[in-house]
1. Based solely on its DSSP helices, what 222 nm [θ] is calculated for the chain when runs of n ≥ 4 H residues each add -39,500 (n - 2.57) and the sum is averaged over all residues, nearest 500 deg cm²/dmol?
2. For the ranges 34-47, 112-125, what's the packing order if you count other beta-carbon atoms within 10 Å of each residue, average per peptide, and put the highest first?
3. Using θ = phi - 60° and the Karplus curve 6.51 cos²θ - 1.76 cosθ + 1.60, what whole-Hz ³J(HN,Hα) does each residue of the stretch 28-33 get, with Gly and Pro shown as x?
4. How many Å³ per residue does the convex hull of the Cα positions in the stretch 12-52 occupy?
5. If Lys and Arg each add +1 and Asp and Glu each add -1, what is the summed charge of the other residues whose beta carbon sits under 12 Å from the beta carbon of S46?
6. Provide the per-residue ³J(HN,Hα) series for the stretch 157-169, in order, calculated from phi with Karplus coefficients 6.51, -1.76, 1.60 and θ = phi - 60°, each as a whole number of Hz, with x at glycine and proline positions.
7. When the chain is modelled as a GNM with alpha-carbon springs shorter than 10 Å, which of L169, L33, L13 fluctuates the most?
8. What translational diffusion coefficient, to the nearest whole µm²/s, does the stretch 1-79 have by Stokes-Einstein, given a Kirkwood radius computed over alpha-carbon pairs, a temperature of 37 °C and 0.692 mPa s viscosity?
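Please treat every number below as a calculation from the coordinates, not as lab data. It should be emphasised that the depicted structure is a prediction, and the values quoted were computed from it without experimental measurement. Methodologically, a virtual Cβ is constructed for each residue, glycine included, from the backbone with ideal geometry; neighbour enumeration extends over all protein chains shown.
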Amino acid sequence: MARIPLTHPRTPLIRAVEWYCRRAYGKVLDPVLASAHHRRVLWAGSRFEMAVARWNKLDPRLKDLAVLASAGAIGCAWCVDFGHWTSREHGVPQEKLRDLPDWRSSEVYTPLERDVLEYAEAMTATPPTVDDALVERLRRQLDDAQLVELTAILAVENMRSRTNSALGLTSQGFKDRCEVPRPAAM
């Protein structure tokens with residue numbers, strides 16, 4: 001349950017935010033409603049997220065896998081939920097989403113995807129555990145702009161996941177809409 005109210009008076013700003021979210025995502029995003037308690041945080045965050053959405057040097061599927069790995073490492077239910085939906089929108093295969101918690105033992109990932117997932121976990125650790133060997137492997141497969149974008153999107157996801165977790169935001173059902181199968185019980 002959210003640790004902050006997600007309801008607001010029906011001001012023109014809130015109505016505009018709700019309209020945009022419904023149009024873009026099919027529902028109003030809880031993190032947006034949480035940030036709406038502070039107008040400048042809402043505006044800055046919205047402008048920042050629109051700018052982040054225009055980053056285009058790195059394959060979006062690699063970005064999505066990295067974001068999901070980071071959100072999972074932090075334990076942000078909202079980010080994992082939304083991340084599954086965006087991943088499906090970008091064409092990440094279901095088996096890659098299904099096997100993400102066990103990416104080290106799964107055979108569905110390419111060597112680059114494995115390095116990206118390892119980088120995501122290393123960057124998300126507190127303190128970060130990124131080492132020179134991992135960065136060198138990534139630099140053999142990504143150009144400098146792609147590596148910078150990967151690093152930046154992971155920093156952004158750390159901010160998102162930690163904020164949403166601290167505010168108690170949980171799944172909004174995006175994952176259910178992307179038809180990711182549940183893992184079989186062991």
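1. Details: 10 runs with 118 residues, N = 186.
Using -39500 (n - 2.57) per qualifying helix, the result is -19500 deg cm²/dmol.
2. Descending packing order for the listed peptides: 112-125, 34-47.
3. Result, ordered by residue: 7, 7, 4, x, 5, 5 Hz.
4. On the way: hull volume 2.6 nm³, N = 41.
Once divided by residue count, the hull of the stretch 12-52 is 62 Å³.
5. On the way: positive: R39, R40, R47; negative: E49.
Computed value for this residue: +2.
6. Once θ is set to phi - 60°, the couplings for the stretch 157-169 become 5, 4, 5, 4, 5, 5, 5, 5, 5, 5, 8, x, 7 Hz.
7. L13
8. Numbers: Rh = 14.2 Å.
Approximately 231 µm²/s, per Stokes-Einstein.
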